[in-house]
1. Specify the residue that is most open to solvent (accessible area, probe 1.4 Å); the eligible residues are those in the stretch 83-112 that are within 15 Å of ligand 1 (Cβ to nearest atom) and under 22 Å from ALA38 (Cα atoms).
2. Taking the stretch 167-187 as the search range and keeping residues that are assigned to a loop (DSSP other than H, G, I, E, B) and over 12 Å from the mean Cα position of the chain (by Cα), which one is nearest to LYS129 (Cα to Cα)?
3. Looking at the stretch 58-75, I want the residues that are away from ligand 1 (no atom under 16 Å from the Cβ) and have a partner that is among the charged types (D, E, K, R) and open to solvent by less than 50 Å² (accessible area, probe 1.4 Å) with Cβ atoms under 9 Å, at least 6 apart or on another chain. Which pairs are those?
4. Select from the stretch 113-128 the residues that are part of a loop (DSSP other than H, G, I, E, B) and open to solvent by 20 Å² or more (accessible area, probe 1.4 Å) and list them in ascending order.
5. Inspect the stretch 81-88 for any residue being within 16 Å of ligand 2 (Cβ to nearest atom) and over 13 Å from the mean Cα position of the chain (by Cα) and give the result as yes or no.
6. Those residues that are more than 26 Å from LEU76 (Cα to Cα) and part of a helix (DSSP H, G or I), I need them from the stretch 11-44; list them, please.
7. Given (1) in contact (Cβ under 8 Å) with a residue 40 or more places away in the chain; (2) closer than 24 Å to LEU32 by Cα; (3) not in a loop (DSSP other than H, G, I, E, B), identify the lone condition not met by ARG161.
8. It is to be established whether one or more residues within the stretch 117-124 are within 16 Å of ligand 2 (Cβ to nearest atom) and on the phi > 0 side of the Ramachandran plot.
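The values are calculated or read from the model by the stated rules, or taken from the named source; none is laboratory data. Just so we're clear, the structure is a prediction, and the values are computed from it rather than from any experiment. For neighbour counting, all protein chains shown are included, and Cβ atoms are generated from backbone atoms with ideal geometry for every residue, glycine included. Heads up: the accessible areas ignore ligands, DNA and RNA and are worked out on the full protein's heavy atoms, side chains in. Shrake-Rupley method; radii C 1.70, N 1.55, O 1.52, S 1.80 Å.
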Amino acid sequence: MLQTIYLETHLQEIADHGWSVLPIDHQWAQSLAEIARARQKQNEFKTASLAGSAELQLTIRNDQTLWLDAKLNDQLKIEQETLSKLADLQQQLQNFFRIHLSEFECHYAYYETGHFYQRHFDSTEFNNKRIFSFVIYLNDKWQAHDAGELVGYIGQKELFRLPPQIGKMILFRSDIEHEVMPTNRPRWSVTGWFRK
Ligand code: OGA
Ligand code: MN
């Protein structure tokens, strides 16, 4: 999945700038995309939840998610391998940053056309267990007019703007504010967090 030859370079980018885009094997991501679509058809996805009322929440985010963990129905080999690669990455992050990460969590995410996730932090002063966020994109032939970019901010300034194109994984510090722009096309990913 992860082409880890230059992993150190990417980890150094995160140390210097807070984020990095890593290459992901295209075929691998394509297989995950097919599995995600099949699981969504079988109604395994749920509207994503935040604390607070359901109506308030839908104005903030309206994606659907499915946790990719041991409780998943009929976990497939490639899903297990993905989790195992992410466990390796957790180890590399620990070694490079000399911090302890206790675990990671991740889910498939699906945004229908028109859906978005407003500016937010994955980690705050009060809920600071998430240290690094990542998103593996599963969308083939994404075009500029498809929109749905992930935009990172430092204050009002854009730090990054990334189309959710297959073959890429963004890894960034969870205390960086970010948003998912409204998408003009169904948008699929595996999104997760390395936690302390
Ligand atoms: C999230 C998130 C970004 C993306 O789920 O918290 O910010 O590009 N996702 O899907
Ligand atoms: Mn987020």
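1. We begin by selecting, within the stretch 83-112, every residue within 15 Å of ligand 1 (Cβ to nearest atom); these are 104-112.
Within this subset, residues satisfying the condition of being under 22 Å from ALA38 (Cα atoms) are 105-112.
On the way: GLU105: 42, CYS106: 3, HIS107: 10, TYR108: 0, ALA109: 2, TYR110: 28, TYR111: 11, GLU112: 74 Å².
Restricting to residues being within 15 Å of ligand 1 (Cβ to nearest atom) and under 22 Å from ALA38 (Cα atoms), the top hit is GLU112.
2. Taking the stretch 167-187 first, the residues assigned to a loop (DSSP other than H, G, I, E, B) are 167, 174-176, 181-182, 184-186.
If we keep only those that are over 12 Å from the mean Cα position of the chain (by Cα) as well, we get 167, 175-176, 181-182, 184-186.
Values: GLY167: 28, ASP175: 10, ILE176: 14, MET181: 25, PRO182: 28, ASN184: 33, ARG185: 32, PRO186: 30 Å.
This residue is ASP175.
3. LEU72/ARG39; LEU72/GLU44; LEU72/GLU79; ASN73/ARG39; ASN73/GLU44; GLN75/ASP69
4. Within the stretch 113-128, the subset part of a loop (DSSP other than H, G, I, E, B) is 113-116, 121-128.
THR113, GLY114, HIS115, PHE116, PHE121, ASP122, THR124, GLU125, PHE126, ASN127, ASN128 - these are the residues of the stretch 113-128 that are part of a loop (DSSP other than H, G, I, E, B) and open to solvent by 20 Å² or more (accessible area, probe 1.4 Å).
5. From the stretch 81-88, those within 16 Å of ligand 2 (Cβ to nearest atom) are none; that's our starting set.
No: zero hits.
6. Result: LEU11, GLN12, GLU13, ILE14, ALA15, ASP16, HIS17.
7. (1)
8. Taking the stretch 117-124 as the starting set, the residues that turn out to be within 16 Å of ligand 2 (Cβ to nearest atom) are 117-124.
With on the phi > 0 side of the Ramachandran plot added as a condition, the list becomes none.
Scanning the stretch 117-124, I find no residue that is within 16 Å of ligand 2 (Cβ to nearest atom) and on the phi > 0 side of the Ramachandran plot, so the answer is no.
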